[in-house]
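What follows is a single structure, written as C-alpha cells, with notes after it.
Rule-based calculations on the coordinates, nothing more; no lab input. Values in this document were obtained by computation on a predicted structure and should not be read as measured data. In this analysis, Cβ positions are derived from the backbone assuming ideal geometry, glycine residues included, and neighbour counts consider all displayed protein chains.
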Amino acid sequence: MASTTHQAAQRLGVTERQVQRYVHAGLLEARQFGDHVTAPWMITDESLEQLIALRAAEPHRFRRRAGQVDASLDSKGA
C-alpha cells in the first residue's frame, strides 16, 4: 500500500512540503501517479515506517528549528 503526501505528513507530524523535502532527499520513496505536474505523489508505506523509526532513533537529525510551531499544539490555547 501507499500513502498520500497529506497522509504521510499527518503520520510524521510535519507539513506536506516537508514530506516533499524528504522525498527529494531520498528519505522517502514516492511515485507520482499521472502525467501532469499536479498529479498526486504516493509514499511507500515501507519507506514511511523506516523514516518514522529513523526519526525515533536519531531525533537530533530531525529536531525543529527555532521559531517553528509544533503542529500538534492547539492554536486556541490551553
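Couple of notes before you dig in:
- Point-charge dipole on Cβ atoms (K/R +1, D/E -1) for region 2-58, about Cα centre, debye to 20: 200
- Gain upon complete extension [His60, Ala25; 0.36 nm per residue less C-alpha separation]: 10.9 nm
- Rg(Cα)/(2.2 N^0.38 Å) for region 2-58, N = residue count: 1.06
- Sequentially through region 8-25, phi angles give Karplus couplings (6.51, -1.76, 1.60; θ = phi - 60°) of 5, 4, 5, 5, 8, x, 10, 7, 5, 4, 5, 4, 4, 5, 4, 5, 4, 7 Hz, Gly and Pro residues having no value and appearing as x.
- Förster radius 22 Å - calculated FRET efficiency between Gln7 and Gln50, Cβ distance, rounded to 0.05: 0.85
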